[in-house]
Each structure stands twice: as C-alpha cells, then as structure tokens.
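Asks: Have a look at the structure that comes next, please.
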Amino acid sequence: MGDLRDLVGRLQDRETTPLQEVERALHAIGDDELGAFAHVDAEGARERAAALGDPQDLPLWGVPLADKDLTARAGMPTRYGSRAFAGFVPAESDPYAAALDALGSVSIGKTATPEFGLTGYTETLIGPPARNPWDPETGAGGSSGGAAVAVQQGVLAAAPASDGGGSTRIPAATVGVVGLKPSRGRLPFANGLDSPGGLSVAGVITRAVDDAAYLLDALVSSAPRVHATRAPGRGRFLDALGRDPGRLRIGATTVSPWDGWTDTTLDPGARDAYERAIDALTAAGHDVVDADWHPEGYPEMFTTIWRASAANLPVADADLDRRTEPITAFMAREGRAMPAQRVLAGLQAATAFERRTIAAFAPFDAVLTPALAMAPQKIGWFAETGDPEENFARQCGYAPHTSFVNVSGLPAITVPLPDGSGARPWSVQLVGRPGGEAAILRLARHVGP
C-alpha cells in the first residue's frame, strides 16, 4: 500500500494510476466493519479518477482521499454526523474540499464524525460507531475518528481532518497514527480565524511524520496564487526534516488545565510512553526539563466557549430533541441561554490564557505532554450515564492535554511510540511555539514513525 509520498511518486512515475488506486481503496473499505466511512461515492470516485488524464505537477495528483463529514462537497451527501442533515446535498464545496481538488486528489467519500464534531468520540445515531482496529469493542476517538481508522487500516495513505479541541490528535493517538494540528492562521482556509474562539483548524492524519510534513506543505501551497505551480516534491516543512535542528530545549509536563476539575490520572501506559519519549529526545541530544506550568481558570472558560459555539448550530430550539443527540441538544441549549456578558468574558479569558501559555512556553523550542490520559474506552462509555455534564467531564479526562493547544493557537503533533510488543501503541504530544510546526515535526521523528 505504501505511504503518501511513496504513492505520489508511483503515480507520477506511472507505476500505478488514479483509477487503480481508487479501486484499491474501495476494495479495502469492503463492508467497512469498523465504521470509518459515513458515505462512499464509488462511481463518482471512479469518474473523477478517470478524468484526471496524464500525471500533473500537483502534490496530491491522483491520491484517493475522503473528506471528514463536516466538510461540504458539492453534489455529495454531507450530514455533519446528524439526523438534522440526513438528506442534505450541498451545491457548493467548502474551501477545504476545493483545495484538495485543486491539489489533484480524488475524493472517494466522507469519513465518519460525531454530530457536528462536538465530541471526542465518534458514535452517532445515523450510523455505526468508528471502532478501534486494535480492539473493535472500543471507540476510535473523535471527532476525526473515521479518518484515523481509514489511515490506520491503510484504506487511505492520509486523511484530511479538523481539530477544535483535539479532534485530529485524539483519534490519531487512540488508534496509533500521526495527527498534526497546525498553528492558528497557518493555512489559507479552515485556519481558525473565523471559528468561535479561534479554536477549530484543519488538521492532517498520516502513518508517518514525513507524510504529515508533506501534506501540510501541500495544504499551505493551496493558496490561489500558489497551488497551480506547486509541484510535488519537497516543501518547507518536509525540507525542515532533513536539517539538523541542533540542541533544542524541550519542556516536559504532565500537568493539564483540567487537573482538579475531572479525573486526569495518567494510565501507566501513557506515563511509560511519556517517559520513553523523554529518553528518546535526550538520547537525540536535546535538553529536556520540567516545563513548570501552572494553568489557572481554564475549565470554566473552555466550557463557556464550547457551549457558546454550539449555540449557532443550524437546528431550531423546537427541533433539538427530535433531530439531535442528547449531548448536542444540551450544549446548544446551554449556549443559547448564556448571557452575552458571560460569552464575552469567556472569550477575553481565552485570550488571556493564550498569552499566559505562550509566555510560559517561550523558554522552550517545544513542550512534551502525554497525548491521552486513558486507554481507549468501550463503545458507549462516554454517554452511558445519560448525564451530558458527566459525558463532557469524561471526554476531558480522557484527553486533558489537547484542547488548551486550540485555545492558545499553537501547533501540535501526536506521535505513537510502539514498544515492540505488537500491542496498540501509546502516543505523546509535542506542542510548538506559534508558527513552530517545523520544530515539532523534526522532534517527532526522534520519537515516532
């Protein structure tokens, strides 16, 4: 199957064709027993692949990809994981889908996501849950759960994702692949600048760090005045992987801003991976020191912004119970009931938190944290009590180190650390300075694939 760059090379060298790769991906999907896909457009994908003609100098020419089902694609069902959009077929594509088309890729459908991407697990009422390939009784995380499964299983060489509180990194860490969240404002689309609190950005999921760098280069190049001349090969971030970064100073912390608000106790597997990552970075010649980070006031601020963001969901109050899931209805009602003063105070607190975090991390080239605090949980575990507050608290306890990165606008990457046992690998997270994707990609190579 090969990785992304290998596939791009074989397509450019005519060792395979877009149509052959589409057929391979469709065959690999099969019955989709793990619930990776919300929609498969087999005939449309074949038509798109056949229409590409001869190889073109585009970074993703002929590569089969699938949009996360939060990304509208013209003429393709886009349900946002919700019954409220069960029959919706958009007339226009979102900028993310348009950029992937301009880069030469072939969409084969939509990967599964929870309703409106609101949760860190991918279980909906409109389709099967996204299951963890390592143990299908457990979930694949979210909200890009389907994308992570498709990449882990080799159906796709890479997958576009999104990340508003860890939605790229959580599922990537859950199933043991690479998840990259760029800095706020890095990309020419889906860059967080127009999302509530600046939280949500486009992300990428791959099996290798080098492929994450390659795909980030491609997405950055998709700006209108650049993409037509952007040839496949080496770009800024992939080039950075080939340069010696010198001796870097890395902060390390297991502290999370959710400590004391919910149970954030690290599983022994998470702690072991964290300590092995420290050993690997030290062995590579870097200085790893305690980050000595003490975040304050975070839970109230983040819950305010997260619920406020749900207030704008395109479902009327009277339809929430009938057309959305319980946690969605709860979040939307909570957000809509908030006084404007509380929302504004939450946004101001987020800005202050961003400044404090950037200042606290300024002495370091990157900061190392665990990726997840807990092992993958059984399907249904997050919502089993029926209490939306407990559901949210469990999500924060499962992945307490991800959402603060979104609030701070920083780049981050989660990387698996196989231990040689053949079991599901645990992952760690590397957080960069503003615009510091190159540094964390280089460091990720020292600890991951």
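The values are calculated or read from the model by the stated rules, or taken from the named source; none is laboratory data. Owing to the predicted nature of the structure, the values given are computational and were not obtained by experimental measurement. Quick reminder, even Gly has a Cβ in these numbers, built from the backbone with ideal geometry, and neighbours come from all protein chains shown.
Asks: Taking the residues in the range 324-345 that are assigned to a helix (DSSP H, G or I) and touching a residue at least 60 places away in the same chain (Cβ under 8 Å) as candidates, determine which candidate is surrounded by the most Cβ atoms within 10 Å (Cβ to Cβ). Before you say what the answer is, go through the steps one by one.
Replies: Residues of the range 324-345 that are assigned to a helix (DSSP H, G or I), as a first pass: 326-337, 340-345.
Checking the rest, the ones that are also touching a residue at least 60 places away in the same chain (Cβ under 8 Å) come to 326-328, 331.
Numbers: PRO326: 15, ILE327: 22, THR328: 25, MET331: 28.
Among them, the one singled out is MET331.
Asks: Criterion first (touching a Leu at 6+ places or on another chain (Cβ under 8 Å), surrounded by fewer than 24 Cβ atoms within 10 Å (Cβ to Cβ) and not small (Gly, Ala, Ser)) does PRO59 satisfy it? Break it down into steps so the answer makes sense when it comes.
Replies: Numbers: touching a Leu at 6+ places or on another chain (Cβ under 8 Å): yes; surrounded by fewer than 24 Cβ atoms within 10 Å (Cβ to Cβ): no; not small (Gly, Ala, Ser): yes.
Considered against the rule, which asks whether it is touching a Leu at 6+ places or on another chain (Cβ under 8 Å), surrounded by fewer than 24 Cβ atoms within 10 Å (Cβ to Cβ) and not small (Gly, Ala, Ser), PRO59 comes out as no.
Asks: OK, next. Taking ALA284 and the conditions (1) small (Gly, Ala, Ser); (2) within 24 Å of ALA373 (Cα to Cα); (3) in contact (Cβ under 8 Å) with a residue 12 or more places away in the chain, which numbered condition does it fall short on, given that it satisfies the others?
Replies: (2)
Asks: Residues being within 23 Å of SER195 (Cβ to Cβ), assigned to a strand (DSSP E or B) and either of a type in the set (S, T, N, Q) or in contact with a His (Cβ under 6 Å, 6 or more places away or on another chain) (or both): count how many of those fall in the range 120-164.
Replies: 1
Asks: Restricted to the range 193-205, and to residues that are at pLDDT below 95 and either in a loop (DSSP other than H, G, I, E, B) or in contact with a Cys (Cβ under 8 Å, 6 or more places away or on another chain) (or both), which residue is surrounded by the fewest Cβ atoms within 10 Å (Cβ to Cβ)?
Replies: ASP194
Asks: Might you let me know whether the range 147-166 holds any residue that is crowded, with 22+ Cβ neighbours inside 10 Å, modelled with pLDDT of 95 or more, of a type outside the set (A, V, I, L, M, F, W, C) and on the phi > 0 side of the Ramachandran plot? Outline the logic, then answer.
Replies: So in the range 147-166, the residues crowded, with 22+ Cβ neighbours inside 10 Å come out as 147-152, 155-166.
Filter once more, keeping what is modelled with pLDDT of 95 or more: 147-152, 155-166.
The next check asks that each one be of a type outside the set (A, V, I, L, M, F, W, C); those that pass are 152, 160, 162-166.
Restricting the remaining residues to those that are on the phi > 0 side of the Ramachandran plot gives 166.
Checked the range 147-166: at least one residue is crowded, with 22+ Cβ neighbours inside 10 Å, modelled with pLDDT of 95 or more, of a type outside the set (A, V, I, L, M, F, W, C) and on the phi > 0 side of the Ramachandran plot.
Asks: While we're here: Return the residues of the range 295-323 that are assigned to a loop (DSSP other than H, G, I, E, B), free of Cβ contacts under 8 Å to residues at least 40 places away in the same chain and of a type outside the set (A, V, I, L, M); say none if nothing qualifies. Walk me through it before giving the result.
Replies: Narrowing the range 295-323 to residues assigned to a loop (DSSP other than H, G, I, E, B): 295-297, 311-316.
If we keep only those that are free of Cβ contacts under 8 Å to residues at least 40 places away in the same chain as well, we get 296, 311, 316.
Across the range 295-323, the qualifying residue is only GLU296.
Asks: Further question: Within the range 358-370, can one find any residue that is of a type in the set (Asp, Glu), closer than 19 Å to SER183 by Cβ and in a helix (DSSP H, G or I)? Let's see the steps before the verdict.
Replies: Step one: of the range 358-370, the residues of a type in the set (Asp, Glu) are 365.
Subsequent filtering for residues that are closer than 19 Å to SER183 by Cβ retains 365.
When the remaining residues are screened for being in a helix (DSSP H, G or I), the result is none.
There is no residue in the range 358-370 that is of a type in the set (Asp, Glu), closer than 19 Å to SER183 by Cβ and in a helix (DSSP H, G or I).
For every residue, the table says whether it meets (1) in a loop (DSSP other than H, G, I, E, B); (2) under 18 Å from VAL151 (Cα atoms); (3) touching an Asp or Glu at 6+ places or on another chain (Cβ under 8 Å); (4) modelled with pLDDT of 95 or more.
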site: THR414; (1), (2), (3), (4): no, yes, no, yes
site: ALA423; (1), (2), (3), (4): yes, yes, no, yes
site: LEU430; (1), (2), (3), (4): no, no, no, yes
site: ALA439; (1), (2), (3), (4): no, no, yes, yes
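Asks: Report, ordered by the first and then the second residue, all pairs with beta carbons closer than 9 Å, sequence separation of six or more or different chains, a first member in the range 82-102 that is without any contact (Cβ under 8 Å) to a residue 40 or more places away in the chain and within 18 Å of LEU215 (Cα to Cα), and a second member that is acidic (Asp, Glu) and buried (at least 18 other Cβ atoms within 10 Å of the Cβ).
Replies: ALA97/ASP67
Asks: Search the range 31-56 for residues being of a type outside the set (Gly, Ala, Ser) and surrounded by 24 or more Cβ atoms within 10 Å (Cβ to Cβ), and hand back the single one that is farthest from GLU115 (Cα to Cα).
Replies: Keep residues of the range 31-56 that are of a type outside the set (Gly, Ala, Ser), which gives 31-34, 37, 39-41, 43, 46-48, 52, 54-56.
So of that shortlist, the ones also surrounded by 24 or more Cβ atoms within 10 Å (Cβ to Cβ) come out as 34, 37.
Values: LEU34: 18, PHE37: 14 Å.
Residue satisfying both the conditions and the ranking: LEU34.
Asks: Working only within the range 30-45, note down all residues that are touching a strand residue (DSSP E or B) at 6+ places or on another chain (Cβ under 7 Å), among the acidic types (Asp, Glu) and under 18 Å from THR138 (Cα atoms). Before you say what the answer is, go through the steps one by one.
Replies: The initial filter retains those residues of the range 30-45 that are touching a strand residue (DSSP E or B) at 6+ places or on another chain (Cβ under 7 Å), namely 34-41, 45.
Okay, now just the ones that are also among the acidic types (Asp, Glu), so 41.
Those that are touching a strand residue (DSSP E or B) at 6+ places or on another chain (Cβ under 7 Å), among the acidic types (Asp, Glu) and under 18 Å from THR138 (Cα atoms): none in the range 30-45.
Asks: Tell me, which residue of the range 309-318 that is surrounded by 13 or more Cβ atoms within 10 Å (Cβ to Cβ) and out of contact with any Leu (no Cβ under 8 Å at 6 or more places or on another chain) is farthest from GLU334 (Cα to Cα)?
Replies: Filtering the range 309-318 for residues surrounded by 13 or more Cβ atoms within 10 Å (Cβ to Cβ) gives 309-311, 313, 315.
Still in the list and also out of contact with any Leu (no Cβ under 8 Å at 6 or more places or on another chain): 311, 313, 315.
Values: ALA311: 8, LEU313: 12, VAL315: 14 Å.
Within the range 309-318, the match that is farthest from GLU334 (Cα to Cα) is VAL315.
Asks: To continue, here is another question. Considering every residue within the range 70-83, establish whether at least one is in contact with an Asp or Glu (Cβ under 7 Å, 6 or more places away or on another chain), among the aliphatic types (A, V, I, L, M) and over 30 Å from PHE237 (Cα atoms). Quick ask: steps written out before the conclusion?
Replies: Here is the first cut: in the range 70-83, the ones in contact with an Asp or Glu (Cβ under 7 Å, 6 or more places away or on another chain) are 71-74, 76, 78-82.
So of that shortlist, the ones also among the aliphatic types (A, V, I, L, M) come out as 72, 74, 76.
If we keep only those that are over 30 Å from PHE237 (Cα atoms) too, we end up with 74, 76.
Yes, the conditions are met somewhere in the range 70-83.
Asks: If we scan the range 103-112, do we find a residue that is surrounded by fewer than 17 Cβ atoms within 10 Å (Cβ to Cβ), on the phi < 0 side of the Ramachandran plot and either part of a loop (DSSP other than H, G, I, E, B) or not acidic (Asp, Glu) (or both)?
Replies: In the first step, residues of the range 103-112 are kept if they are surrounded by fewer than 17 Cβ atoms within 10 Å (Cβ to Cβ); the result is none.
No, the conditions are met nowhere in the range 103-112.
Asks: Tell me, please, whether a residue that is modelled with pLDDT of 95 or more, within 18 Å of LEU156 (Cα to Cα) and of a type in the set (S, T, N, Q) can be found in the range 65-73.
Replies: yes
Asks: Next question, about the same structure. Could you tell me which residue of the range 165-192 is farthest from ALA140 (Cα to Cα), considering only residues that are part of a loop (DSSP other than H, G, I, E, B) and of a type in the set (A, V, I, L, M)?
Replies: Residues of the range 165-192 part of a loop (DSSP other than H, G, I, E, B): 165-168, 176-177, 182-192.
Retained after the next criterion (residues that are of a type in the set (A, V, I, L, M)): 177, 187, 190.
Details: VAL177: 11, LEU187: 26, ALA190: 23 Å.
Once the filter is applied, the top-ranked residue is LEU187.
Asks: Can we say ALA373 is touching a Ser or Thr at 6+ places or on another chain (Cβ under 7 Å), buried (at least 17 other Cβ atoms within 10 Å of the Cβ) and aliphatic (A, V, I, L, M)?
Replies: Values: touching a Ser or Thr at 6+ places or on another chain (Cβ under 7 Å): yes; buried (at least 17 other Cβ atoms within 10 Å of the Cβ): yes; aliphatic (A, V, I, L, M): yes.
Against the criterion (touching a Ser or Thr at 6+ places or on another chain (Cβ under 7 Å), buried (at least 17 other Cβ atoms within 10 Å of the Cβ) and aliphatic (A, V, I, L, M)), ALA373 qualifies.
Asks: Test each condition in (1) farther than 23 Å from ALA359 by Cα; (2) surrounded by fewer than 20 Cβ atoms within 10 Å (Cβ to Cβ); (3) out of contact with any strand residue (DSSP E or B) (no Cβ under 8 Å at 6 or more places or on another chain) for HIS294 and report the one that comes out false.
Replies: (1)
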